[in-house]
Amino acid sequence: MAVSKAEIERRMERLAQTCRGGRLKLTHQRMEVFRELAGAEDHPDAETIYQNVRRRVPAISRDTVYRTLATLEEQGLVHKAEILSGRGRYDANMEHHHHFICTECGRVHDFYSRTLDDLPIPRSVASFGRVESAQVQLRGICANCAKGKR
Ligand SMILES: [Zn+2]
Ligand SMILES: [Zn+2]
């Protein structure tokens, strides 16, 4: 299972578009960081992205990767998926979606559901503030880990 070529292209095009709009300068290193994320389905954390990009772009520094991720997030090209403990994980899938998280291996799967998109928000939430988005996180044991257990 991998992100389809067409989807990666679509994501790269979104980056190019943002850069053409003049909001962001398209540098080689930025492109490589984004490409890494555009093709990743496992919602990698910043360190993993750095390690992978470094294989293709040995000159890139950890600092550059971290800063680039923050910039891409500011531009709405990636978002941070708050998953399990602390470590921010990045996601280039900007379509509204939900997550299945394996509590054993930490793998994250995206899934889509109209029903969950329209989740009724309890009225009591209004006292906390205005809701801007809602995302469902399902936790469990993924098929792979379940197989290993038997
Ligand atoms: Zn698993
Ligand atoms: Zn996701």
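Since every read-out is calculated from the coordinates, none of them should be taken as a lab result. This one's a predicted model, so the numbers in the text were calculated from it and none came from an experiment. Cβ atoms come from the backbone with ideal geometry, glycine included; neighbour counts cover every protein chain shown.
Could you quote the convex hull projected area for the range 1-134, Cα atoms only and averaged over all directions, in nm²? Write out the running numbers ahead of the final one.
Values: hull surface 40.1 nm².
Hull-based average projected area comes out at 10.0 nm².
Could you sort the peptides 55-66, 8-19, 130-141 by per-residue average Cβ neighbour count (10 Å cutoff), highest mean leading? All intermediate terms of the calculation are to be shown ahead of the outcome.
Working: 55-66: 13.1, 8-19: 15.4, 130-141: 10.8.
Packing proxy ranking, top to bottom: 8-19, 55-66, 130-141.
Name the aspartates and glutamates eligible as straight-distance cross-link partners of LYS25: C-alpha to C-alpha under 17 Å, and not fewer than 8 places from it in the same chain.
GLU13, GLU73, GLU74
Would you grab the residues whose amide H sits under 5 Å from the one on ALA81? Only those 5+ places off in sequence or on another chain, please, with H modelled 1.01 Å from N.
Distant-sequence amide H within range of ALA81: ARG89, TYR90, ASP91.
Please report the spacing between the Cα centers of the range 59-103 and the range 106-150 in Å, no decimals.
17
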